Structures are given as C-alpha cells and as structure tokens.
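The structure appears below as structure tokens.
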Number of protein chains: 2
Amino acid sequence: MPIERRPLREQIRDELLRKLDRGDFAAGTDINEVALASELGVSRTPLREALITLAGEGVLESNQGRGFRFAPVSRKEFRELCEIVGALESLALQLSDAGYLRRLGPKLLRLARDFPDQVAEQQEIERHDDEWHDLLLSGCPNERLLDLITSVKAGMRRYAHLQAGDDAPLEREAAEHCRIAEALVEGDLPAATAALRDNWVNGMERMMSRLTE
Amino acid sequence: MPIERRPLREQIRDELLRKLDRGDFAAGTDINEVALASELGVSRTPLREALITLAGEGVLESNQGRGFRFAPVSRKEFRELCEIVGALESLALQLSDAGYLRRLGPKLLRLARDFPDQVAEQQEIERHDDEWHDLLLSGCPNERLLDLITSVKAGMRRYAHLQAGDDAPLEREAAEHCRIAEALVEGDLPAATAALRDNWVNGMERMMSRLTE
DNA sequence: ATGTAATATTTTGTATTCATAGTGCAGAAT
DNA sequence: ATTCTGCACTATGAATACAAAATATTACAT
C-alpha cells in the first residue's frame with residue numbers, strides 16, 4: 001500500500017472544511033492568515049493556496065487588500081446552490097447506466113430505510129445523506145460532472161450546521177430517498193430523476209423554513 | 001474613473017487564458033514555473049496562485065512533485081464538458097424571467113443572423129458565440145449559476161483552437177441560434193430550452209468530428 | 001465632546017530563499 | 001549488454017522576508 005502523499009494545500013483545505021462542518025467558523029467573519037496558519041502549524045503559503053481554492057468553490061470570498069473571509073450566507077444563495085446541485089445530480093443520474101442503477105436500487109432502498117434515527121448527531125446525519133447521494137451517482141460515467149458536484153457541495157457546507165435539530169424533516173428526507181430508490185428498482189429512470197429533483201427542491205424548502213436569519 | 005486594482009493572480013489567470021486561446025500552449029505539456037513567471041514579469045508566488053485557480057477549473061492538472069501541466073484533451077472530457085454546460089445553460093434559461101426573454105428575443109435573432117462570415121478569424125467567431133450565449137443568459141437571476149457556467153467554460157477553452165476552420169458547421173451554429181431566438185420571440189420557453197440543449201449536443205458532435213486525435 | 005488628520009500597527013500581497021523530491025546520466029556490478 | 005546504484009542537477013513545495021495597503025490609535029482643533 002503506497003503511503004499517502006498529498007500537497008499540503010489539499011490537506012489544509014480538507015481540514016478547513018472539517019472545521020467548517022463543526023461550526024468552528026462563523027459565516028461572514030474575516031480570516032486572519034497568520035493566526036490560522038500558526039493554529040494549523042503550517043506557513044502562510046500553503047494556507048493561502050488552500051484559501052484560494054476554497055474561494056474558487058465559493059466557500060470564501062476575497063477582497064483586494066482585505067484578504068479572505070467566509071462568504072456570508074443568504075437565503076438567495078442557498079436557493080441558487082440547491083437549484084444547481086439538483087440539476088447536476090439529475091443529469092448525473094440520467095447519464096448513468098440503467099442496468100447498474102437497477103442493481104443498485106435495493107441497496108439504496110435499504111440504506112434509505114436505515115436512515116440514522118433522530119438522536120444521532122447532526123454531523124452523522126449529514127454524512128449519511130452525502131454518502132447516500134454519492135452512491136446514487138456512483139454509476140455516472142461523467143467524471144468531470146462528479147467532481148463539479150463535489151465542488152459545488154463544498155460551497156453548501158456553510159449551511160449544514162445552521163440546521164436546527166428537528167425531527168419531521170429528517171423522516172421526510174428518508175421517505176424521499178425511498179421514493180427515488182423504489183423508482184430505480186422498478187427501472188423507471190425518469191421517475192427517479194424527477195424524485196431526485198423534488199428531493200432537492202423540498203430539501204431546500206425544509207432548510208429555508210429553518211433558517212431564521 | 002477608479003483605476004482598476006485587482007490581485008495579480010487574477011490578472012495572471014486572465015493572461016494565461018488569453019495565451020491559451022491564442023494556442024500558445026500545447027495541451028499536455030508541463031509548465032515551468034520560473035520560466036513562465038519571468039516571461040510574465042511576475043514572481044512565482046502569484047503565478048502559482050493563478051495556476052492553482054486554473055487547476056480548480058480543470059484547465060490544468062497538478063501532480064505531487066511534478067507541478068502543473070495543461071490537462072490533456074480527450075474526446076471523453078469534451079463530451080463531458082458539453083453535457084455539463086448544456087444542462088447548466090438550460091437551467092439558467094429556465095430560471096430566467098419569461099417577459100425579459102421575450103423582449104430580448106429580437107435582439108438575439110438579429111445577432112444570430114449577423115453571425116460573422118466565414119473569413120473571420122477563428123477567435124472572432126468564438127468571441128461572438130460566447131457573447132451571444134452570455135446575452136441569452138443575461139436574465140438569469142441565479143448568480144452562482146452564471147459564475148459556474150463561466151468557470152466550466154474556461155475549462156473548454158483548451159478545445160477552442162483545435163477547431164479547424166470549416167464553413168458548414170458555422171452556418172449550422174448560426175441557424176440553431178436563430179431557432180432558439182425564434183422560440184423566445186414566440187414566448188415558448190420550453191422550446192427554446194430544448195433548442196439550446198440541442199445546440200450543445202450538436203455543437204459537441206460538430207467538434208468531435210473535427211477532433212482528429 | 002466630537003470630528004479630523006497624522007501616525008503607528010496590523011495584515012495582506014508579493015518576492016525571495018531554502019529544503020526536498022524528481023530526473024537523467026555515468027559507471028559499476030551482474 | 002543490461003540493469004542497478006549513486007550522484008549531480010533541476011524544479012517544485014514550503015517557509016521566510018519584504019513591501020504596500022488597510023485598519024486602529026492618538027493628538028489636536030473646533
């Protein structure tokens with residue numbers, strides 16, 4: 001097994017996203033490069049490289065002379081991101097091999113039913129949801145599309161921890177996953193795609209209703 | 001008029017894309033950072049920042065210890081990019097205000113008919129085509145989506161100069177633009193969206209047939 | 001007390017330096 | 001003859017140093 005060797009900037013990027021998931025950063029706050037670099041135990045150079053990458057993904061924004069800061073959240077942007085990811089995931093599903101999806105159906109259905117119960121950590125729920133979607137799209141041959149989806153989703157992470165721990169939405173999310181999986185089991189790709197699109201639209205509205213702002 | 005003050009990395013990025021359009025870089029070739037930096041008259045730091053941005057957009061790829069290089073072109077990737085941009089532009093059109101599009105229709109139609117003739121520079125044709133699409137999407141309220149389209153299209157620039165100067169495809173491109181514009185004039189958004197999608201599929205095939213590879 | 005100008009401090013943007021990984025070649029061992 | 005090893009060289013990855021811009025502070029005038 002080859003030992004993992006990745007550029008520092010990528011490791012830093014991942015670590016920053018983890019911290020973001022944990023809610024360590026408040027949206028809209030400036031980033032102090034020297035402070036963050038010393039906190040992470042790296043120099044400013046690879047840190048800035050990671051920040052630039054994240055800015056390209058929309059997680060951060062940069063202003064001349066003012067450095068980087070976490071892009072402020074807004075209902076408008078969240079809606080925009082949901083529209084985009086909904087369309088991209090739908091496309092990915094459409095491009096997937098029908099036979100593969102059919103075989104995948106039962107597993108997706110099982111996972112959807114085993115959705116973590118309400119007592120689980122918010123982060124755990126998020127992770128499970130992400131993995132389910134990743135598996136759903138695992139048959140898509142368009143690699144660039146999958147990369148792009150990952151990148152856009154990174155920009156959505158700022159919204160994840162804003163979700164209040166509510167119960168009903170969770171069950172509806174699971175129910176929608178079941179609907180998608182069932183359509184796949186039946187080999188009805190258009191229905192699955194439509195259900196997936198609904199899932200994003202509804203997910204957006206569920207979230208919106210809980211974003212006090 | 002305030003004088004333009006942008007980070008060096010962005011100016012460098014733009015300049016590199018310009019050079020790419022001019023065909024200054026062969027796909028698949030490694031980038032020598034010191035050489036390129038001195039050629040541009042900047043230091044390696046902002047250059048590397050620009051390279052990292054371009055890598056995030058898929059224009060370049062980076063390998064640990066081996067630096068950056070222009071991502072090699074392939075029929076597969078080109079098809080993937082067309083699929084993505086087609087879906088994104090369709091979404092952008094769907095989200096646009098119907099009334100605005102209707103008002104825009106005549107202008108789009110006029111521009112489509114005034115498509116530059118065959119003797120024009122390849123670059124000129126590209127620019128005109130880009131501007132036409134930009135105008136088509138100018139009514140889309142989803143700003144993130146427009147940014148994303150721009151970013152993905154940056155990754156397609158590597159393919160632009162591979163097009164041989166052929167005549168027939170150009171006329172078909174113009175004809176398709178007319179179809180889209182006509183649908184908008186009639187206020188038939190679904191037809192326009194479908195025509196736009198066709199435009200990307202056909203454009204892809206036109207290009208594919210000319211990519212010898 | 002408040003507003004403004006001058007100055008000090010902090011922070012970012014860019015350049016330079018240093019360390020280490022990658023590459024190619026020469027020569028020895030098989 | 002071929003392959004492996006060691007060494008020199010080159011290029012990248014990361015750290016540090018410097019310059020410029022933005023922000024904070026203080027002194028002064030009103």
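The values are calculated or read from the model by the stated rules, or taken from the named source; none is laboratory data. Note that the coordinates shown come from a computational prediction; the quantities given were computed from them, not determined experimentally. Positions of Cβ are generated from backbone atoms using ideal geometry, with glycine treated the same way; all protein chains shown enter the neighbour counts. With ligands, DNA and RNA removed, areas are computed over all heavy atoms of the protein, side chains included. Shrake-Rupley method; radii C 1.70, N 1.55, O 1.52, S 1.80 Å.
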remark   = Between the alpha carbon centres of segment A:16-75 and segment B:61-79 the gap in Å comes to 27 Å
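Kindly state, to the nearest 0.05, the FRET efficiency for A:VAL201 paired with B:SER38, given R0 = 45 Å and r defined as their beta-carbon distance. List each step's numbers first, then the result.
Working: r = 52 Å, r/R0 = 1.15.
It comes out at approximately 0.30.
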ask   = What are the label-to-label distances in nm, one decimal and shortest first, from B:GLN123 to the same spot in the other copies, with labels 7 Å along Cα to Cβ?
value = 5.1
query = Along the positive direction of the dipole of the protein assembly as shown (beta-carbon charges: Lys, Arg +1; Asp, Glu -1; about the Cα centre), which of B:ALA87, A:PHE70, A:MET204 reaches farthest?
reply = A:PHE70
inquiry  = Please give me, ordered by residue number, the chymotrypsin sites (Phe, Trp or Tyr not before Pro) of segment A:24-93 that lie in loop per DSSP and have at most 12 other Cβ atoms within 10 Å.
reply    = none
Gained length - B:ALA191 relative to B:ALA168, 0.36 nm times residue gap less alpha-carbon distance = 5.9 nm
ask   = Say we join alpha carbon atoms closer than 10 Å with springs in a Gaussian network model of chain B; which of B:SER38, B:SER138, B:SER151 then has the biggest fluctuation?
value = B:SER38
inquiry  = With the crude spin-label approximation of a point 7 Å out along Cα→Cβ, what separation in nm comes out for A:GLU4 versus A:ASP130?
reply    = 1.3 nm
key: Simple spin-label estimate for B:GLU15 and A:ARG113 in nanometres, 7 Å along Cα-Cβ   = 6.2 nm
Positive dipole terminus of segment A:3-107, leading residue within A:ALA26, A:LEU60, A:GLY99 (C-beta point charges) = A:GLY99
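Defining a contact as two alpha carbons under 8 Å apart and six or more residues distant in sequence, what relative contact order in percent does chain A show? Please report the intermediate quantities before stating the final value.
Values: 221 pairs, mean separation 56.4, N = 213.
Relative CO of chain A lands at 26 percent.
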note = Over chain B, with neighbouring protein chains present, the accessible area per residue in Å² at probe 1.4 Å is 50 Å²
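Need the full-extension length gain, A:ARG103 to A:GLN123, defined as separation in residues times 0.36 nm minus the C-alpha distance. One decimal, nm.
Numbers: separation 20, 0.36 × 20 = 7.20 nm, distance 2.90 nm.
Fully extending the segment from A:ARG103 to A:GLN123 adds 4.3 nm.
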task = Extending each Cα 7 Å along its Cβ direction at B:GLN64 and A:LEU95, get the distance between those two points in nm, one decimal.
result = 2.8 nm
request  = Between chains A and B there is a rotation axis; tell me the chain A residue with the nearest beta carbon and how many whole Å away it sits.
outcome  = A:GLY56, 2
key: Copies compared at B:ARG110 - label distances in nm, ascending, label defined 7 Å from Cα in the Cβ direction   = 6.3
Accessible surface of B:THR45 - all protein chains present, 1.4 Å probe, nearest 10 Å² = 80 Å²
query = Taking springs between alpha-carbon atoms closer than 10 angstrom, which of B:ALA168, B:ALA50, B:ALA112 fluctuates most in the Gaussian network model of chain B?
reply = B:ALA168
note = Quick calc, chain B, dipole around Cα centre from Cβ unit charges on Lys, Arg (+) and Asp, Glu (-), nearest 20 debye, gives 520 debye
key: Rounded percent of accessible protein surface that carbon and sulfur make up, segment A:8-70, 1.4 Å probe   = 42 percent
Position A:ILE3, label points 7 Å along Cα→Cβ, spacing to each other copy in nm (shortest first, one decimal) = 5.1
ask   = How far, in degrees from 0 to 90, does helix B:44-56 lean away from the longest principal axis of the Cα atoms of chain B, to the nearest 10?
value = 40 degrees
ask   = Build a GNM of chain A with springs between Cα atoms under 10 Å: which of A:ALA35, A:ALA192, A:ALA87 gets the top mean-square fluctuation?
value = A:ALA35
Sequence-distant residues sharing a close amide H with B:PHE68 (under 5 Å, placed H) = B:ILE31
task = Quick one: what are the phi-derived ³J(HN,Hα) couplings along segment B:144-161, Karplus 6.51/-1.76/1.60 with θ = phi - 60°, whole Hz, x for glycine and proline?
result = 4, 4, 5, 4, 4, 4, 4, 5, 5, 5, 4, x, 8, 5, 4, 8, 4, 7
task = Report, in debye and to the nearest 20, how large the dipole of the protein assembly as shown comes out about its Cα centre when Lys and Arg carry +1 and Asp and Glu carry -1 on their Cβ.
result = 720 debye
remark   = Per the helix-only model, chain A has a calculated mean residue ellipticity at 222 nm (DSSP H runs of ≥4, -39500 (n - 2.57) each, divided over all residues, rounded to the nearest 500) of -22500 deg cm²/dmol
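What is segment B:8-70's relative contact order, in percent, from Cα pairs under 8 angstrom and six or more apart in sequence?
Working: 51 pairs, mean separation 25.6, N = 63.
Across segment B:8-70, relative contact order equals 41 percent.
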